[in-house]
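All remarks here apply to the structure that follows.
The values are calculated or read from the model by the stated rules, or taken from the named source; none is laboratory data. Computed from a predicted structure; not experimentally measured. FYI the Cβ positions are ideal-geometry reconstructions off the backbone, even for glycines, and counts take in every protein chain you see. Keep in mind that these areas ignore ligands, DNA and RNA; they rest on the heavy atoms of the full protein, side chains included. Shrake-Rupley method; radii C 1.70, N 1.55, O 1.52, S 1.80 Å.
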Amino acid sequence: QVQLVESGGGLAQAGGSLRLSCVASGSTFRINAMGWYRQAPGKQREMVATITFGGSTYYADSVKGRFTISRDNAKNTVYLQMNSLKPEDTDVYYCRAVVDRIYWGQGTLVTVSS
């Protein structure tokens, strides 16, 4: 079992920055990859950024060059640094861990005002 707790969401102005954090607990040694997804009401959840156990990173085209995913293995924490925010980045952001199954955090709301 893995538990994920996100933090760092909130309100930002367009062009501003926010940093999301996701702390994993439980069987963290079994985590293969972690990532951030986002979902707007009535829409499918979409991948924002992923970091694998080996450190490879993947980004959605819409956030490349603006968002950076990183992790601190000692703290079992993954971060999402979001710069140059746009109103269309407004969503609920979810942390995801890939183990023997998929685990999700509870989500944190990011609101970007124009």
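Among residues of segment 94-109 that are touching a residue at least 12 places away in the same chain (Cβ under 8 Å), those with a Cβ under 7 angstrom from a residue that is open to solvent by less than 100 Å² (accessible area, probe 1.4 Å) and acidic (Asp, Glu), sequence gap 6+ or separate chain, pair up as Cys95/Glu6; Gly105/Glu6; Gln106/Glu6; Gly107/Glu6; Thr108/Glu6.
The lone criterion from (1) assigned to a strand (DSSP E or B); (2) buried (at least 16 other Cβ atoms within 10 Å of the Cβ); (3) at pLDDT 95 or above left unmet by Leu85 is number (1). Screening Gly15 on (1) in contact with an Asp or Glu (Cβ under 9 Å, 6 or more places away or on another chain); (2) of a type outside the set (Phe, Trp, Tyr); (3) modelled with pLDDT of 95 or more shows it passes everything except condition (1).
Can you tell me which residue within segment 10-61, out of those that are in contact (Cβ under 8 Å) with a residue 24 or more places away in the chain, more than 18 Å from Ser84 (Cα to Cα) and of a type in the set (A, V, I, L, M, F, W, C), is surrounded by the fewest Cβ atoms within 10 Å (Cβ to Cβ)? Per the criteria, the residue is Ala40.
Given the criteria open to solvent by 20 Å² or more (accessible area, probe 1.4 Å) and either in contact (Cβ under 8 Å) with a residue 60 or more places away in the chain or not basic (Lys, Arg) (or both), does Thr77 qualify? Spell out the reasoning first.
Working: open to solvent by 20 Å² or more (accessible area, probe 1.4 Å): no; either in contact (Cβ under 8 Å) with a residue 60 or more places away in the chain or not basic (Lys, Arg) (or both): yes.
Spelling it out, it is not the case that Thr77 is open to solvent by 20 Å² or more (accessible area, probe 1.4 Å) and either in contact (Cβ under 8 Å) with a residue 60 or more places away in the chain or not basic (Lys, Arg) (or both).
Scanning segment 47-72 for residues being in contact with a strand residue (DSSP E or B) (Cβ under 6 Å, 6 or more places away or on another chain) and assigned to a strand (DSSP E or B) gives a total of 14. Of the listed requirements (1) at pLDDT 95 or above; (2) open to solvent by 60 Å² or more (accessible area, probe 1.4 Å); (3) part of a strand (DSSP E or B), Tyr94 misses just one: (2).
I'd like the residue in segment 62-72 that is modelled with pLDDT of 95 or more and within 16 Å of Arg96 (Cα to Cα) and, out of all such residues, is least open to solvent (accessible area, probe 1.4 Å).
Ile69
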